[in-house]
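One structure is given below, encoded as structure tokens.
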Amino acid sequence: MKHLILDALRSWINQRPGLEHANYGDPSAYRSEVRSIGQDLQHARELLAAVAWRDGITDKDLIDASRRAFSGRLTIDTSSGVSIDYCTGQYWPTEYRRAAAAVLASALHEYWRRSTSSATAEARRSLSRSVIRNYFT
């Protein structure tokens, strides 16, 4: 089941954001938002890979993380297959990838907390500084 959840999350983060040009007053603001959304994509992909190869992280861990991370707005339903639902806060294109990354980081943090003495030290050995700064501080 874990691999199905990770496949669903991979599809989720890889979908196009669908930014509306009309929501931005000038091209520089739009480009800035595009860069930020692209960084969220890279963070989510890095965290997805980190979770995928750790056998100690289970499907239950991912479901539990979805309930506590990002105010529980991203939910993973496994009652009939795997589906992901998201309750938008302000503007979906700028937050859906960040929500997935937060869920993955929460599962990873909990795994490290259970298995090592320092989740932060383990994160420093395994993840980029950018991901650590955004999800582990």
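Throughout, read-outs are computed from the coordinates displayed, never taken from laboratory work. Worth saying up front: this structure is predicted, and the values here are computed from it rather than measured. Note that we place each Cβ from the backbone using ideal geometry, even for glycine, and neighbour counts take in every protein chain shown.
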Only unsatisfied item for Ala29, checking (1) farther than 24 Å from Phe136 by Cα; (2) touching a residue at least 12 places away in the same chain (Cβ under 8 Å); (3) out of contact with any Gly (no Cβ under 8 Å at 6 or more places or on another chain); (4) among the hydrophobic types (A, V, I, L, M, F, W, C), is (2)
Of all residues in region 77-96 being of a type in the set (Phe, Trp, Tyr) and not in a helix (DSSP H, G or I), which is nearest to Ala65 (Cα to Cα)? Tyr86
Can you tell me how many residues within region 76-92 are in contact (Cβ under 8 Å) with a residue 12 or more places away in the chain and surrounded by fewer than 17 Cβ atoms within 10 Å (Cβ to Cβ)? 9
Just to verify a result, which residue in region 38-73, among those that are over 12 Å from the mean Cα position of the chain (by Cα) and of a type in the set (A, V, I, L, M, F, W, C), is surrounded by the most Cβ atoms within 10 Å (Cβ to Cβ)? Ile57
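So, in region 32-75, exactly how many residues are in a loop (DSSP other than H, G, I, E, B), in contact (Cβ under 8 Å) with a residue 12 or more places away in the chain and among the charged types (D, E, K, R)?
Within region 32-75, residues that are in a loop (DSSP other than H, G, I, E, B), in contact (Cβ under 8 Å) with a residue 12 or more places away in the chain and among the charged types (D, E, K, R) number 2.
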For the structure I just gave you, tell me whether Ala99 is in contact with a Leu (Cβ under 6 Å, 6 or more places away or on another chain), in a helix (DSSP H, G or I), without any contact (Cβ under 8 Å) to a residue 40 or more places away in the chain and closer than 21 Å to Ile5 by Cα. yes
